Amino acid sequence: MGESEYQVSESTKSSLDLKDRREFLRNCSVFSSPGVRPQNEDTIFAEGDVWIIADGLGGHADGKVASELAVETLSHLLCHEDPAVFVIGGQRMLEGELMEAFLMDAVRQAGAVVLQEARRRGSNMATTVTAVILKGEQAYCAHVGDCALLVSENGDLPPVRRTVEHRRGASLNRTLGSNEQATPDVISFSAGTQGLFLLGCDGFWEHVGDTEISQIIEETPDYLLAERLGQAALANGSPDNVSVIAVVGQEYSASRAARQVELERSRLDRSAVSAEKTNQVDNLRNFAIRNGIPFANPLEEENQALRSDNQMLENENQNLQEEISRLHNLVTGLQQKVEQQEVDYQLLVDRTKNSSSNYKKLHELTVQVLGHIHHLVRQYPNEMILALTRLELERLEKIYRALLAYKPPEK
């Protein structure tokens, strides 16, 4: 696989394409991250019934090239060659003997390819490799170096490590590319649908203990398992590249799915709305449906709550609009009264000169208009009403001042 911040199977990658999942008998997820290092020298492969992890030796030139060459060569042989034809005398072997011989020869050929490229480059590049191939419910593993295969055949936790480190002191003494004949350890194990197995580089298994591995397996849906295990290693301070492949039997997954859905749903409910959250909810729904678990979309529930809130706001807005319209009609009526009385004022002003009786009528009319305005303000203590009546009061005050200018002398 190519290099990235971390790689997951496209769901995470949700694992393999549906046609390659053997009707969901086993569910695979993968994770690979450079971690704190500038380059990811790990290479992983997970297709069909073949899973491979290779760790280019850190500090060695072209470690990434070595791991890629090994995985490319080995995956091609395991996916496309007929073991009975590839192995000399293979047609006369029992299945178990044939698969072990096939893995042995395939790993040696991959090692030869890496060594040839190392010599061409004048490099001391090399890589570890651990590969698993499935034949029915029996799995066969070839191992060189210090990656690990952890197996739970019947669902017991923690999974048991089935590989050993090929070390002498602090250095690896068996890798692909370091010598002419890279001889792998070959083991077999039961890979029924009630169990699981993990492939991990040393950057993973050296930094996540059995207890934490067991807890993560118990609580994590299968499509997220490799990512959560890998992230645990990074969180625990792994100074190396971190790569994990997790293959979970469907029976094992189904037996724990209800609690895993509940825990993952709770985590998603606490996270902020985003495109990533939408994708995660879709993946969790697919996992729940696959395991026959009812699943209500938390985003849909949030949307329903938002729709209810919006409807309530729309109703409040409608009521407010109706109240504004009613107040507007009141103000309009007031304006019409004031305008009419302003005309009456002007007529009276014209007649007020030297007429005490007309002035008295005008004064009474002024008081009436003021009464209208103050009554409206008391009845509707609203900012809009206050603003409009303030304008009317100013206009009334102007008229009243004009009226005072014509006040007749006292007799």
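The values are calculated or read from the model by the stated rules, or taken from the named source; none is laboratory data. Quantities reported herein were computed from a predicted structural model and do not represent experimental measurements. Virtual Cβ from ideal backbone geometry, glycine too; neighbours counted across all protein chains shown. We work out accessible area using only protein heavy atoms, side chains counted, and drop any ligands, DNA or RNA first. Shrake-Rupley method; radii C 1.70, N 1.55, O 1.52, S 1.80 Å.
Please state the shape class of region 229-291: rounded when a/c is under 1.5, otherwise prolate if a/b exceeds b/c and oblate if not, all from the C-alpha gyration tensor. It comes out oblate by the Cα gyration axes. For region 184-264, taking Cα atoms only, Rg and Dmax work out to 13.2, 42 Å respectively.
Rank by packing, highest mean first: peptides 211-222, 310-321, with packing defined as the count of other Cβ atoms within 10 Å averaged across residues.
Descending packing order for the listed peptides: 211-222, 310-321.
The residues of region 47-204 have, on average, 41 Å² of accessible surface per residue, using a 1.4 Å probe with all protein chains present.
Pairs exceeding 27 Å between alpha-carbon atoms, taken from LYS64/LYS277; LYS135/LYS277; LYS337/LYS398: LYS64/LYS277; LYS135/LYS277. Less than 5 angstrom separates the built amide H of GLN138 from those of ALA191, all sequence-distant by 5 or more or on a different chain. Shape call for region 25-156 from the C-alpha gyration tensor, a ≥ b ≥ c root eigenvalues: rounded (a/c under 1.5), prolate (a/b greater than b/c) or oblate? Judged from the Cα gyration tensor, region 25-156 comes out oblate (a/c at least 1.5, b/c at or above a/b).
Average accessible surface for region 210-323: 51 Å² per residue, computed with a 1.4 Å probe over protein heavy atoms with every protein chain in place. First check a/c for region 154-216, with a ≥ b ≥ c the square roots of the eigenvalues of its C-alpha gyration tensor; if it is under 1.5, answer rounded, and if not, answer prolate when a/b is larger than b/c or oblate otherwise. Note, shape of region 154-216 comes out oblate.
As a fraction of the 1.4 Å probe accessible area of region 135-283, surface on carbon and sulfur atoms comes out at 46 percent. The calculated Kirkwood hydrodynamic radius for region 84-166 is 14.7 Å, given to one decimal from all distinct C-alpha pairs. Residues ASP42, ASP105, ASP82 ordered from highest to lowest accessible area at a 1.4 Å probe: ASP82, ASP105, ASP42. Measure off, as a whole percent, the carbon and sulfur share of the 1.4 Å-probe accessible area of region 23-133, all protein chains present. With neighbouring chains kept in place, the figure for region 23-133 is 49 percent.
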